[in-house]
1. What distance in nm separates the simple spin-label points at Thr120 and Thr236, each placed 7 Å from Cα in the Cβ direction?
2. Most fluctuating residue of Gly72, Gly51, Gly11 in a GNM of the chain with Cα springs under 10 Å: which is it?
3. Gap in Å between the Cα centre of the range 126-200 and the Cα centre of the range 221-254?
4. So what is the 222 nm mean residue ellipticity for the chain from helices alone, if each DSSP H run of at least 4 adds -39500 (n - 2.57) and you divide by all residues, rounding to the nearest 500 deg cm²/dmol?
5. Counting only protein heavy atoms and a 1.4 Å probe, tell me what percentage of the range 50-160's accessible area is made up of carbon and sulfur.
6. Given labels modelled 7 Å from the Cα in the Cβ direction, how far is it in nm from Ile257 to Glu159?
7. Of the candidates Leu148, Leu177, Leu228, which one comes out as most mobile in a Gaussian network treatment of the chain with C-alpha springs shorter than 10 Å?
8. Using a Gaussian network for the chain with springs between C-alpha atoms less than 10 Å apart, which of these wobbles most: Asp198, Asp106, Asp128?
Amino acid sequence: MRYNTALTIAGSDPSGGAGLQADLKTFSALGVYGASAVVAVVDENTIGVYGVHPIPENFVAGQIRSVLSDIGADAVKIGMLHSSSLIRTVLSTLQEYPDVRRIVLDPVMVATSGDPLLETEAISTLRDELMPYSKVITPNLPEASLLLGETVDHQDQLEEAARSLSRLSDQKVSVMLKAGHLEGTDTLVDIFYNAEKDTFLHLPSPKLRTVNTHGTGCTLSSAIASFLAKGADLDTAARYGKEYITAAVSAGAGYEIGHGHGPVHHFHNWWK
């Protein structure tokens, strides 16, 4: 027997709601064996980010090689990469393992608290070099706006924005464009653009009035990676990933952890 496996390449969150901690919780909740490569130790909690301590890039590359050369990975989730040089290190290391191509990139640029997590000059490196090597990217609306260089803030913009994000490269990069930042609506409709089929999925969910949204982006991208690791096709992984994060937010809405943006309930199917 063998496990379905997934590797997260991300920063840590000592409060446990986001970053690689959220990724590993999601992998575990969805029946996937999780491994991790730590790119930065982040000083943060539910209120804000207070510092980022980068891991030396050769050490990040070593962690990735240690996992992929031994355990392997049916899918890879990439989270916060704070600099251009780190982005290039992660990319070149992954390219040493050409069979590892189910890569889900969450282009993390700003924390839920509003704190920046990506150096400004690294945005173009992420867009032009790492995105084309990914199978799926999962931006929210502020991230999509930064990547496209134009404001995306209305539901009727999302389909075209998702396709435009995919076409920033000549590779077939699919896009899960998250609608969570939309205001004035009771229903959020995420858009999944399947670049391999040139089709759209509309994935609606009720907008929940809760402050417990810390790590939602990390969790959704990890859920999609989990289903890809288990052999799901793109549309199925997107649909099931959306169902998982919606249930996790709903189940976690009534809890109180910390004094700011609390986490979602990753193990809502297992305990209350």
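1. 4.5 nm
2. Gly51
3. So the two Cα centres are separated by 17 Å.
4. Values: 8 runs with 90 residues, N = 272.
-10000 deg cm²/dmol, from helical runs alone.
5. On the way: 2400 of 4870 Å².
Carbon plus sulfur share of accessible area: 49 percent.
6. For the pair Ile257/Glu159, the computed spacing is 3.8 nm.
7. Leu148
8. Of Asp198, Asp106, Asp128, the Gaussian network model singles out Asp198 as fluctuating most.
The values are calculated or read from the model by the stated rules, or taken from the named source; none is laboratory data. Please read these numbers as outputs of a predicted model, since none were measured by experiment. Glycine also receives a Cβ, built like all others from the backbone with ideal geometry; neighbour counts cover every protein chain displayed. When the accessible area is computed, the model is the full protein with side chains, heavy atoms only, and any ligands, DNA or RNA have been set aside. Shrake-Rupley method; radii C 1.70, N 1.55, O 1.52, S 1.80 Å.
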